[in-house]
1. Any lysines with Cα under 27 Å of the K154 Cα? List them, leaving off those in the same chain fewer than 8 positions away.
2. Quick one: Debye curve from the alpha-carbon atoms of the chain only, equal weights, vacuum; give me log10 I(q)/I(0) at q = 0.06, 0.14 Å⁻¹ to two decimals.
3. Arrange the following residues from fewest to most other Cβ atoms within 10 Å of their Cβ: L113, L241.
4. Between the helical axis of 358-372 and the dominant principal axis of the chain, each derived from Cα atoms, what acute angle in degrees is found, rounded to the nearest 10?
5. Could you give me the ³J(HN,Hα) list for region 314-327, computed from phi with Karplus coefficients 6.51, -1.76, 1.60 and θ = phi - 60°, whole Hz, x at Gly and Pro?
6. Could you give me the ³J(HN,Hα) list for region 268-277, computed from phi with Karplus coefficients 6.51, -1.76, 1.60 and θ = phi - 60°, whole Hz, x at Gly and Pro?
7. Can you grab the distance from the C-alpha centre of region 173-243 to the C-alpha centre of region 1-72, Å, no decimals?
8. Per-residue HN-Hα couplings for region 107-121, Karplus 6.51 cos²θ - 1.76 cosθ + 1.60 at θ = phi - 60°, whole Hz, x for Gly and Pro?
Amino acid sequence: MSLRILFADDEKSLQELMRSELPRMGHEVTVCEDGIAAVEALSKQTFDCLLVDLNMPGLNGIEVIEKARELSPDTDSIVLTGKATFESAQASIRNDVYDYLTKPCKLAELENLFNRVAEKRSLQNERTALERQVERLQGSARLVGKSPNMQQVKELIAKVAPTNSTVLILGETGTGKELAARELHEQSKRSSKPFVPINCGALPENLIESELFGHRKGAFTGADENRKGLFEVANEGTLFLDEIGELPKAMQAKLLRFLESGEIRRVGENEPLIVDVRVLCATHRNLGDMVDEGAFREDLMFRINTFEIRLPSLRERMEDLPALVEHLLERFSSHAVGKKQISPEAIEILKSHAWPGNIRELANAVQHATILCESDIILPEHLPNNFDSRRPRETSLAAFGALSLRDLEIQAIEQALQRNGGNKPKTAEELGISLKTLYNKLNQSILKDSA
């Protein structure tokens, strides 16, 4: 892991040594000749590590470290001194200094120390990524199914996962695109590193850049502290950009820059950061149409589509439905005492449904039935109200061919709105789309009805 290091010492020979040797170790370095210049550098950009001499003109090392704690509390500090004293050691402890070295120190010793700092920061990134994921995880989740369509998907994942190629995952809403991305990560060489999923449509437009790339304290109103962006959190791991079609054009340009150079720039900083991140993208939209409409960059579309995986809809893999229901019953078993079974009659009703919401809609139906059922067997009457227990719905598989994809999307939205009592934010969350996308689709439905 490459570190961004600030070195401050008034000895010219050490300054030249660090300028040449730290890049050789794989790190970026900014060299300052005194404490005042070091504080000025800290005020302009963020550093991973501060290596500072105790005795310097202007401001001494401890004073620089105190300012660093204020300006960049995430920066690890290392003290370098030619004359160690009990007082300086105490001051270092009070300021939570990572380590304390006396001159002269060997380059190998310094390199080992930087490696420990890098390992510590890598573990911190992994912990942050896990903390951001924990609320999203509900029980075990994996790709389920042995249908020919799913077997093809699994084979493609197995082939591309060990590479560093960007992958574009296509499929209707609710088909399990994030699960496919997780499988790609788990089967890759980065599996021990963070997997960071982001729903581009759910990010507030005025905060997207800060969320993705981070910001410096004071960069904008409300930026009360330095913050790592999700690209930094995912360093050495995988970043999954779900609903990439919702990313604004300005952010598309910044994403393209990263894919071409590996560099990001925090909001409020001029110097770029280099991060090692594999990017996976997903969308239910037609990016080619968006390019024609001017809503998506053509160069970015080609850049993220190095390898393409299309997930089948549930309608295209109905033979997997019993196995999916079994898997979902295991996931939701915590809602009831013991694992429940589902009756053949209820399975037949599920098979007759059109599933415009795909597996996400199936998961909602199974969870609803699991909560409602007080016995060990789920019966037709335990299914949600929009499942007719007496006959197949008009939008069954037999009638599916007469409906367009837009009609099915609107139908899924209307059903979700009914289930959520008209609550649009909750409906958008259930369907896995942004609130903006929900309103757009409802407006399309109104325009269609008035045509």
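Each value in this text was obtained by applying a stated rule to the coordinates, not by laboratory testing. As the structure is a computational prediction, the values presented were derived from the model and not from experiment. So basically every Cβ, Gly included, is an ideal-geometry build from the backbone, and we count neighbours across all protein chains shown.
1. Hits, sequence-local ones excluded: K146, K177, K189, K193, K351.
2. -0.36, -1.26
3. Details: L113 18, L241 25.
Going from least to most buried by this count: L113, L241.
4. Its long axis makes an angle of about 80 degrees.
5. Result, ordered by residue: 5, 5, 8, 9, 4, 5, 8, 4, x, 5, 5, 4, 4, 5 Hz.
6. After applying 6.51 cos²θ - 1.76 cosθ + 1.60, I find x, 10, 9, 7, x, 10, 9, 10, 10, 9 Hz.
7. Rounded to whole Å, the Cα centres lie 29 Å apart.
8. Here the 3J(HN,Hα) series is 4, 4, 5, 5, 4, 4, 5, 5, 4, 5, 4, 4, 5, 4, 5 Hz.
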